[in-house]
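So the structure is just underneath, and the comments pick up after that.
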Amino acid sequence: MTITDPTDLHALAEAWADGDVDEETRTALRALMDGDDLALLTEHVGAALSFGTAGLRGEVGPGPNRMNRAVVIRTTRGLADFLLAEVPDAATRGVVVGFDARTDSARFAADTVGVLAAAGIEVRWFPTPQPTPLIAYAQKALDAAAAVVVTASHNPPADNGYKVYVEGAAQIVPPTDAAIAAAIEAVGPAREVPLVASEDLADHPKVAPVDAVVVQRFLQELEGARPPLPDDVARDLTIVYTPLHGVAGELIQQAFALAGFDDLHVEPTQAEPDGTFPTVAFPNPEEPGALDAALALARDLDADLLIANDPDGDRLAVAVPDGAGGWLPLSGNRIGVLLGSYLLDRTDASRPLGVRSVVSSPMFDEVCDARGARFEATLTGFKWIARAARELEVSDQRTFVFGFEEALGSTVGSVVRDKDGIGAAVAFAEMVALLHAEGRTVLDRIRELSVQHGAWVSHQVSVTRPGAAGQREIADAMALLSERTPHALGGLAVTAVTDYRTGADQRPPWLAATDLVECSLDGGGRAMIRPSGTEPKCKVYVDLRTALADDTDLASLEADQLALADRVGRDLLTFVGLQS
């Protein structure tokens with residue numbers, strides 16, 4: 001609920017400012033109170049950042065609806081109270097804390113450590129910026145009760161966030177998120193929360209840095225999770241890499257060197273961690289222009305492969321030569337299918353398992369099935385992929401080989417129970433090296449898979465509806481699908497409809513009830529519609545499948561299919577009353 005009454009807003013703002021520990025945000029909030037922009041004040045204090053399965057994420061600024069020291073301190077105290085009450089031996093098992101290179105991350109991380117230590121909880125932390133996969137791994141390696149990563153991943157520079165891992169060294173899922181949120185709600189003003197000052201952390205008996213041996217174990221376990229390349233396969237690829245001003249560069253270079261890839265070139269203008277992201281408007285490798293500098297370097301070097309991570313190192317982006325002098329960026333779906341087939345082809349597991357998010361390409365299911373692997377689809381988010389992997393490793397005696405989601409998230413094996421752009425990057429390079437040794441390219445492999453499993457194309461169409469009125473419009477559109485469903489989309493017959501809002505008791509826990517409706521299409525394709533969980537958007541995901549003959553031009557076929565997929569997506573939006 002958003003509060004808009006001016007009297008209530010000013011009372012809330014005054015109470016928050018009185019309880020704030022930081023002079024800068026306290027002064028900024030009081031300046032808003034003295035101004036005449038009621039709408040802006042409402043944005044800052046009319047609601048509060050909601051703690052959920054992704055933790056917290058939002059713009060940095062004053063007030064309860066922004067990321068700031070007061071929010072971090074109260075959140076950490078709530079987390080500490082939850083751990084001490086619900087997790088056996090939490091105080092001695094401790095919490096791992098890490099952070100990225102965003103402007104406020106080090107300060108927020110120090111406050112996190114300070115609150116946990118003051119609560120009597122052992123803390124092992126990374127005093128310098130580190131990639132998220134390493135921090136998630138450290139929780140597992142140290143058998144810590146939880147981990148906290150201060151990061152906003154690939155969000156705009158003005159944002160920051162607070163990600164929590166608990167059971168199984170994976171991100172939290174319901175009902176844990178609600179329990180932590182309730183504990184946070186019970187915490188008083190930030191000023192009243194016990195806190196070890198940042199200057200005293202180095203000498204505090206509850207606080208110590210994560211030992212360097214953990215980093216080496218991480219790199220060694222990544223090596224062991226991948227199928228070994230034959231000794232006669234050359235690792236002489238010329239590879240261009242960009243961390244997009246993020247924090248994965250040092251570990252990537254170590255991981256590639258350990259795997260025998262010595263010709264790695266880091267894009268110099270984006271090599272150093274920098275939370276202002278000076279060369280990109282939006283530090284997301286999927287965004288237009290984000291890879292321009294790295295692509296220019298790849299062309300200059302006549303490189304074999306371009307690898308990119310997002311700023312916290314948990315996503316993998318790839319581009320490959322297109323055979324005509326240019327470069328082709330690969331979608332998350334294409335990366336997932338390529339890596340999944342490579343790893344499953346070469347695994348020695350007798351009962352392999354592959355997992356994807358429900359909105360990712362069903363082509364992966366065919367890849368798994370053809371290789372004797374069990375495949376599972378989960379709700380969106382790697383926390384669900386990790387849950388499915390962990391549970392099926394026990395209940396079905398499976399070996400988790402690979403998981404992915406279409407938004408550039410991949411993980412190889414169970415080293416990290418989350419997205420891991422570092423291990424996935426090296427695995428992709430090894431796949432390319434093996435292809436080259438066999439006289440093939442990545443494009444050749446895409447064609448082979450398309451002949452074997454059908455030529456799949458994936459496409460997204462979305463509409464933006466901001467504000468409360470927009471939320472109601474999207475909710476009404478989704479509600480319409482409870483009353484009636486389309487008979488055809490883009491000229492393709494709708495053969496079945498699956499409403500994920502119902503029937504959760506007939507599905508595994510990683511496919512719980514969610515606001516998602518799937519229309520199965522004639523020919524084996526589908527269209528899925530859902531509201532975005534992070535933006536004021538309604539999204540449609542379309543996946544189409546068509547047979548590929550040996551003499552058919554794949555690029556032309558895909559162009560035609562993408563045009564059809566766009567019509568399918570727009571028809572579905574039109575059907576629910578949302579014109580794109």
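The values are calculated or read from the model by the stated rules, or taken from the named source; none is laboratory data. Predicted, not measured: the structure shown is a model, and the values here were computed from it. Please note: Cβ atoms are built from the backbone with ideal geometry, for glycine as well, and neighbour counts cover all protein chains shown.
What do you reckon, is residue 516 in contact with a strand residue (DSSP E or B) (Cβ under 7 Å, 6 or more places away or on another chain), buried (at least 21 other Cβ atoms within 10 Å of the Cβ) and of a type outside the set (S, T, N, Q)? Before the answer, list the steps.
Details: in contact with a strand residue (DSSP E or B) (Cβ under 7 Å, 6 or more places away or on another chain): yes; buried (at least 21 other Cβ atoms within 10 Å of the Cβ): yes; of a type outside the set (S, T, N, Q): yes.
Spelling it out, residue 516 is indeed in contact with a strand residue (DSSP E or B) (Cβ under 7 Å, 6 or more places away or on another chain), buried (at least 21 other Cβ atoms within 10 Å of the Cβ) and of a type outside the set (S, T, N, Q).
The residues of region 24-67 that are more than 33 Å from the chain's Cα centre (by Cα) and closer than 21 Å to residue 193 by Cα amount to a single one, 27. Return a yes/no flag: does region 238-247 have any residue that is of a type in the set (Ser, Thr, Tyr), farther than 23 Å from residue 409 by Cα, outside the structural domain of residue 161 (by TED's automatic domain parsing) and under 22 Å from the mean Cα position of the chain (by Cα). Among the residues of region 238-247, not one is of a type in the set (Ser, Thr, Tyr), farther than 23 Å from residue 409 by Cα, outside the structural domain of residue 161 (by TED's automatic domain parsing) and under 22 Å from the mean Cα position of the chain (by Cα), which makes the answer no. Give the residues of region 140-157 that are surrounded by fewer than 17 Cβ atoms within 10 Å (Cβ to Cβ) and modelled with pLDDT of 95 or more, sorted by residue number. Passing the criteria: only 143.
Residue under question is residue 195, and the condition is that it be surrounded by 14 or more Cβ atoms within 10 Å (Cβ to Cβ) and either hydroxyl-bearing (Ser, Thr, Tyr) or within 26 Å of residue 95 (Cα to Cα) (or both); does it hold? Considered against the rule, which asks whether it is surrounded by 14 or more Cβ atoms within 10 Å (Cβ to Cβ) and either hydroxyl-bearing (Ser, Thr, Tyr) or within 26 Å of residue 95 (Cα to Cα) (or both), residue 195 comes out as yes.
Within region 25-61, if we keep just the residues that are of a type in the set (D, E, K, R) and in contact (Cβ under 8 Å) with a residue 12 or more places away in the chain, the residue that is farthest from residue 177 (Cα to Cα) turns out to be 30.
Within region 287-306, can one find any residue that is in contact (Cβ under 8 Å) with a residue 24 or more places away in the chain, buried (at least 17 other Cβ atoms within 10 Å of the Cβ) and in contact with a Lys or Arg (Cβ under 7 Å, 6 or more places away or on another chain)? The answer is no, given that none of the residues of region 287-306 is in contact (Cβ under 8 Å) with a residue 24 or more places away in the chain, buried (at least 17 other Cβ atoms within 10 Å of the Cβ) and in contact with a Lys or Arg (Cβ under 7 Å, 6 or more places away or on another chain). Among the residues of region 343-360, the ones that are part of a strand (DSSP E or B), farther than 18 Å from residue 525 by Cα and within 23 Å of the chain's Cα centre (by Cα) come to 3 in all.
In the set 545, 526, only one residue is within 29 Å of residue 386 (Cα to Cα), more than 26 Å from the chain's Cα centre (by Cα) and either surrounded by 16 or more Cβ atoms within 10 Å (Cβ to Cβ) or in contact (Cβ under 8 Å) with a residue 24 or more places away in the chain (or both); that residue is 545.
Filtered by the rule that a residue be within 28 Å of residue 176 (Cβ to Cβ) and assigned to a helix (DSSP H, G or I), region 13-24 gives 16, 19. Looking at (1) among the hydrophobic types (A, V, I, L, M, F, W, C); (2) under 18 Å from the mean Cα position of the chain (by Cα); (3) in a loop (DSSP other than H, G, I, E, B), which is the only condition residue 121 fails? So the condition that residue 121 fails would be (2).
Somewhere in region 481-497, is a residue part of a helix (DSSP H, G or I), in contact (Cβ under 8 Å) with a residue 60 or more places away in the chain, under 18 Å from residue 526 (Cβ atoms) and in contact with a helix residue (DSSP H, G or I) (Cβ under 6 Å, 6 or more places away or on another chain)?
Checking region 481-497: not a single residue is part of a helix (DSSP H, G or I), in contact (Cβ under 8 Å) with a residue 60 or more places away in the chain, under 18 Å from residue 526 (Cβ atoms) and in contact with a helix residue (DSSP H, G or I) (Cβ under 6 Å, 6 or more places away or on another chain).
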